[in-house]
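Here is the structure we will look at, set down as structure tokens.
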Amino acid sequence: MIFALETSCDETAAALVTHDGEIRANVVASQADLHAQFGGVVPEIASRRHLELVLPVVRQALSDAGATLDDVDLVAVTRGPGLIGALLVGVSAAKALAWTRRLPLAPVDHLDGHVASLYLEPDSLEPPFLCLLASGGHTMLLDVRARGSFGVAGRTVDDAVGEAFDKGARLLGLGYPGGAELDRLARDGDPEAFSFPVAKLPGLDFSFSGVKTSLLYAVKKLQPGELERRRADLAASYQRALVRALVERTDAAAQLLGVERVGVVGGVAANSELRASLPWARAAPLSLCTDNAAMIASAARYVEPLPYPRYLGLDAYASAA
Amino acid sequence: MQIESASPEETEAVAGRLARVLLPGDVVTVSGELGAGKTTFVRGACRALGVTQPVTSPTFTVGHRYDGVSHLDLYRFAGVSAAEWGDLEPYFEGTIAFVEWPEAGEDALPAPRVRVRLLHVDEAHRMIELETAEPELLETMA
């Protein structure tokens with residue numbers, strides 16, 4: 001079995017996955033849980049938090065799978081991109097685990113991980129396909145020709161769409177991050193009530209910075225009482241604009257690349273309107289949309305692992321090249 | 001110094017002029033409301049400093065590091081504790097660092113050499129305010 005760790009951003013996650021892509025355990029300690037645990041105090045955005053949580057999630061994953069480290073033959077870890085300190089907690093823990101058991105270690109890119117969430121059973125997808133990766137930190141259209149590699153067909157030039165959702169939610173008074181709440185509020189609103197044009201860039205790139213600013217101006221023009229009454233309409237119209245931009249570009253890319261299958265991954269793949277607007281696409285299961293370690297284990301199957309002990313000098317990387 | 005910008009391209013150009021007079025180790029804070037153009041400003045600075053990759057918002061990821069330039073965003077921070085500073089410090093080592101939403105880190109971050117404030121004038125226009133203790137620095141901006 002493959003044991004994987006993921007600590008690139010807010011989530012501390014561990015998973016056990018078989019080489020056939022069956023999930024035996026998938027544990028995520030999220031910032032939201034911690035927030036509740038500490039009585040609503042905003043937790044630190046610091047690697048210290050990953051450090052506190054990494055061993056508990058390792059133990060929980062082994063316990064959920066009813067396994068011991070004897071059942072593990074490969075350790076995998078997210079190497080980047082992400083916050084350096086956060087990544088190093090996962091990388092150090094994974095090195096220690098692999099080294100004590102004399103196991104090989106597979107360093108995994110976080111974006112490869114998201115794509116590989118589509119390779120997990122029982123519903124795995126075979127390339128070639130176009131993958132829409134939409135999250136808080138990334139928005140990309142990936143041309144996937146084989147497992148373990150992809151070409152970038154389009155990407156955001158400014159804000160990620162998940163960020164546009166979260167900041168839109170904040171403008172509507174839903175708190176931050178509020179993408180999921182915006183999705184819920186949008187169900188009670190009229191998606192055609194307001195017009196929020198999304199910039200159309202040449203090629204297959206996205207831009208979500210301007211639409212956020214349009215929402216800001218729409219909110220500013222309303223009186224406070226009126227804003228309260230129109231909040232659902234604003235949420236529905238804003239969500240419609242974001243989803244439409246994603247869907248139009250995804251369709252255009254699929255045509256241009258001549259691929260029939262489309263996959264959708266990343267936190268925004270959990271958005272109900274996006275899922276409904278791409279009924280022919282394969283969206284990752286909800287539990288695998290946000291950051292998790294099962295997808296890292298899945299991606300590790302298509303990475304050349306570093307044999308013991310060559311990984312001891314392995315470093316994390318902050319930014320995508 | 002105040003400069004009015006009529007477009008994202010003009011905002012990028014002003015940032016480029018500032019970036020070319022900065023040195024490694026300098027910290028520039030970039031404040032302003034949502035949609036004021038902070039990431040646009042930092043993109044212009046990065047371009048002038050030779051960054052060719054996409055320069056996107058680091059709100060979610062907290063920090064992006066390019067060759068000689070760091071781009072940070074403290075939007076998600078309530079304050080900056082010692083542990084959080086430990087995570088941010090590497091981004092300031094040997095780089096010109098641009099910090100969006102710096103308010104949460106005012107007590108913890110190195111003193112900025114330049115403070116940039118971006119203000120909404122109307123939907124197209126922004127006022128760019130550059131503040132520094134060294135007025136001669138801004139005079140050298142081409």
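The values are calculated or read from the model by the stated rules, or taken from the named source; none is laboratory data. This one's a predicted model, so the numbers in the text were calculated from it and none came from an experiment. Note: ideal-geometry Cβ built from the backbone for every residue, glycine included; neighbour counts use all protein chains shown.
Across segment B:111-130, what is the number of residues that are closer than 30 Å to B:A82 by Cβ and over 12 Å from the mean Cα position of the chain (by Cα)? Number of matching residues: 1.
Looking across B:A108, B:A133, one residue alone is part of a loop (DSSP other than H, G, I, E, B), more than 12 Å from the chain's Cα centre (by Cα), farther than 21 Å from B:G16 by Cα and not aromatic (F, W, Y). It is B:A108. Here A:T18, A:T68 are screened, and the one residue that is more than 14 Å from every other protein chain (Cβ to nearest Cβ), within 29 Å of A:D123 (Cα to Cα), at pLDDT 95 or above and surrounded by 14 or more Cβ atoms within 10 Å (Cβ to Cβ) is A:T18. Among the residues here, A:V265 does not qualify as over 18 Å from the mean Cα position of the chain (by Cα) and in contact (Cβ under 8 Å) with a residue 12 or more places away in the chain. Going through A:V161, A:V75 one at a time, which residue ends up being surrounded by 24 or more Cβ atoms within 10 Å (Cβ to Cβ) and either free of Cβ contacts under 8 Å to residues at least 60 places away in the same chain or in the same structural domain as A:G203 (by TED's automatic domain parsing) (or both)? One residue alone meets the criteria, A:V161.
Here B:L22, B:L118 are screened, and the one residue that is closer than 30 Å to A:L204 by Cβ, more than 10 Å from chain A (Cβ to nearest Cβ) and touching a residue at least 12 places away in the same chain (Cβ under 8 Å) is B:L118.
Any residue that is modelled with pLDDT under 95, assigned to a loop (DSSP other than H, G, I, E, B) and within 11 Å of another protein chain (Cβ to nearest Cβ) - is there at least one of those in segment A:84-101? Checked segment A:84-101: no residue is modelled with pLDDT under 95, assigned to a loop (DSSP other than H, G, I, E, B) and within 11 Å of another protein chain (Cβ to nearest Cβ).
Being over 19 Å from B:H125 (Cα atoms) and either within 11 Å of chain B (Cβ to nearest Cβ) or at pLDDT 95 or above (or both): is that true of A:A186 here?
yes
Could you list, in sequence order, all residues of segment A:64-75 that are assigned to a strand (DSSP E or B) and in contact with a Phe, Trp or Tyr (Cβ under 7 Å, 6 or more places away or on another chain)?
A:V75
Among the residues of segment A:138-166, those that are more than 12 Å from chain B (Cβ to nearest Cβ) and assigned to a loop (DSSP other than H, G, I, E, B) comprise A:R147, A:G148. The helices (runs of 4 or more DSSP H) located wholly in segment A:208-321 that include 3 or more residues which are more than 14 Å from every other protein chain (Cβ to nearest Cβ) and crowded, with 24+ Cβ neighbours inside 10 Å occupy A:224-257, A:294-300. Pairing residues of segment A:42-69 that are without any contact (Cβ under 8 Å) to a residue 24 or more places away in the chain with residues that are assigned to a loop (DSSP other than H, G, I, E, B), at Cβ distances under 8 Å and at least 6 apart in sequence or on separate chains, gives A:V42/B:A78; A:E44/B:S81. Checking the stated criteria, B:A83 turns out to be at the interface with chain A (Cβ under 8 Å from one of its Cβ atoms) and either at negative phi or without any contact (Cβ under 8 Å) to a residue 24 or more places away in the chain (or both). Taking B:S57, is it within 10 Å of another protein chain (Cβ to nearest Cβ), buried (at least 24 other Cβ atoms within 10 Å of the Cβ) and among the polar types (S, T, N, Q)? Considered against the rule, which asks whether it is within 10 Å of another protein chain (Cβ to nearest Cβ), buried (at least 24 other Cβ atoms within 10 Å of the Cβ) and among the polar types (S, T, N, Q), B:S57 comes out as yes. Scanning segment A:167-207 for residues that are within 20 Å of A:H114 (Cα to Cα), assigned to a helix (DSSP H, G or I) and not aliphatic (A, V, I, L, M) returns a single hit, A:G179.
I'd like to know if segment A:187-200 contains one or more residues that are loosely packed, with under 14 Cβ neighbours inside 10 Å, more than 18 Å from the chain's Cα centre (by Cα), among the acidic types (D, E) and within 27 Å of A:L141 (Cα to Cα). Yes: one or more hits. If I ask for residues that are more than 13 Å from the chain's Cα centre (by Cα) and closer than 25 Å to A:L16 by Cα, which ones from segment A:111-143 would you list? Correct list: A:Y119, A:L120, A:E121, A:P122, A:D123, A:S124, A:L125, A:E126, A:P127.
For A:R101, the conditions (1) buried (at least 21 other Cβ atoms within 10 Å of the Cβ); (2) over 22 Å from A:C9 (Cα atoms); (3) not assigned by TED's automatic domain parsing to the domain that holds A:G267 all hold with the exception of (1). Identify, please: which residue in segment A:39-54 is of a type in the set (A, V, I, L, M, F, W, C) and at pLDDT below 90 and is, among those, farthest from the chain's Cα centre (by Cα)? In this case the residue turns out to be A:V41.
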